[in-house]
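Structure, as structure tokens:
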Amino acid sequence: QVQLVESGGGLVQAGGSLRLSCAASGRTSSTYVMGWFRQAPGKEREFVAAINWRGGSTYNTDAVKGRFTISRDNAKNTVGLQMVSLKPEDTAVYYCAASRLLVLRRNPNDYDYWGQGTQVTVSS
């Protein structure tokens, strides 16, 4: 089993920045694809970004348009999401997820493990 714990959420004004972090423990593997998703009240869970073990990444370009950067440290079993130029529409609970598949995935159904989420609130 893999445990994922997110941190770094909070309240920030529009235009501000936050860095989310996800710590993985248990039967982890550096080959897992790691992803970030978010879910706003009344909306479906939305793909944000994913990164493979080599550092290759993909983004929900329409939603984040170069404002978010995903990274990982395989030695420390952590994944980060740097968010800048935040907008009120970025407000959501952000989830870290891990997939045993080796190819970058955007569908939440392709992810096997999930964290509890961390709240990000962007005020206007």
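The values are calculated or read from the model by the stated rules, or taken from the named source; none is laboratory data. Since we're looking at a predicted model, the values are computed, not measured. Neighbour counts run over all protein chains shown; Cβ positions are idealised from the backbone, glycine included. Side chains are part of the model used for accessible areas, which takes the heavy atoms of the whole protein and leaves out ligands, DNA and RNA. Shrake-Rupley method; radii C 1.70, N 1.55, O 1.52, S 1.80 Å.
In this Cβ point-charge picture (+1 for Lys and Arg, -1 for Asp and Glu), segment 1-72 has a dipole of about 140 debye about its Cα centre. The smallest convex shape that holds all Cα atoms of segment 11-124, its convex hull, gives 95 Å³ per residue.
Projecting the Cα atoms of Gln13, Thr78, Gln119 onto the charge dipole of the chain (Cβ charges, centred on the Cα centre) puts Thr78 farthest toward the positive pole.
Place a +1 charge on the Cβ of each Lys and Arg in the chain and a -1 charge on the Cβ of each Asp and Glu, then give the dipole magnitude about the Cα centre in debye, rounded to the nearest 20. Roughly 240 debye for the chain.
For Ala14 and Gln39, what is the calculated FRET efficiency with R₀ set at 25 Å and r taken between the beta-carbons, to the nearest 0.05?
0.80
Ligands, DNA and RNA left out, the 1.4 Å accessible surface of the chain is 46% carbon and sulfur atoms.
Of the trypsin sites (Lys or Arg not before Pro) found in segment 34-124, the ones in coil according to DSSP and having at most 14 other Cβ atoms within 10 Å of their Cβ are Lys43, Arg54, Lys65, Lys76, Arg100. Cross-link reach is defined here as a Cα-Cα straight distance under 20 Å, omitting same-chain residues fewer than 8 places apart; for Lys43 the aspartates and glutamates meeting it are Asp62, Glu89, Asp90, Asp110. Extension gain for Thr121-Arg106 works out to 3.1 nm (0.36 nm per residue, less the C-alpha to C-alpha distance).
Please give the direction-averaged projected area of the C-alpha convex hull for segment 17-69, in square nanometres with one decimal. One quarter of the hull surface, i.e. the mean projection, equals 4.8 nm². Of the GluC sites (Glu not before Pro) in segment 1-64, the ones in a loop by DSSP (not H, G, I, E or B) with at most 11 other beta carbons within 10 Å are Glu44.
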